[in-house]
Amino acid sequence: MASTSPTRGRDRGVLREGLDRRPAVVPPTDTLVDAMLASGPWKPGDVLLHEPVRDRAVTAEKAAINAVMAGCRPEYFPVVGAALQAIGDGSFMLHGPATSTGGAALMVHRQRADP
């Protein structure tokens, strides 16, 4: 019996072109996490973000682990940490976008300084 799926042909094209591949997760080894932490000014236990409504904290170590897994370069980690500190500031009111069911997404754009 033939499939009536409207995406069947497109699925084959995606697989044929190799577009189904997801980026690999980099295992957060101690060496990689330590290198990430060494590139920033924070100690592993320093809290970069605290969400008071749910009483959740993000330490520099946890941020470094996630940065490693995402494939972040160590030289970019100071920007990651600064972004976490910024969205953790009370004036940002993180609880809204963090708990929204409306699909809120946060984005950080870093513009290079002119040489």
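The numbers here are math on the coordinates, done by the rules we state, and not lab data. Because the structure is a prediction, the values reported are computed rather than measured. Note that we place each Cβ from the backbone using ideal geometry, even for glycine, and neighbour counts take in every protein chain shown.
Hey, fewest Cβ within 10 Å first, where do Phe92, Phe77 land in order?
Values: Phe92 13, Phe77 22.
Ascending Cβ contact count within 10 Å gives the list Phe92, Phe77.
Based on the Cα gyration tensor of region 26-99, what are the three equivalent ellipsoid semi-axes, each the root of five times an eigenvalue, rounded to whole Å and given largest first?
Numbers: eigenvalues 103, 26, 23 Å².
Square roots of five times the eigenvalues give 23, 11, 11 Å.
By count of other Cβ within 10 Å, fewest leading, how are Val58, Val53 ordered?
Details: Val58 19, Val53 11.
Exposure proxy ranking, most exposed first: Val53, Val58.
In what order do Leu94, Leu37 fall by count of nearby beta-carbon atoms within 10 Å, going from fewest to most?
Details: Leu94 20, Leu37 23.
Fewest to most other Cβ atoms nearby, the residues stand as Leu94, Leu37.
As I understand it, the dipole of region 26-99 uses +1 on the Cβ of Lys and Arg and -1 on the Cβ of Asp and Glu, about the Cα centre. Which of Asn66, Leu37, Phe92 lies farthest toward its positive end?
Among Asn66, Leu37, Phe92, the one farthest towards the positive end of the dipole of region 26-99 is Phe92.
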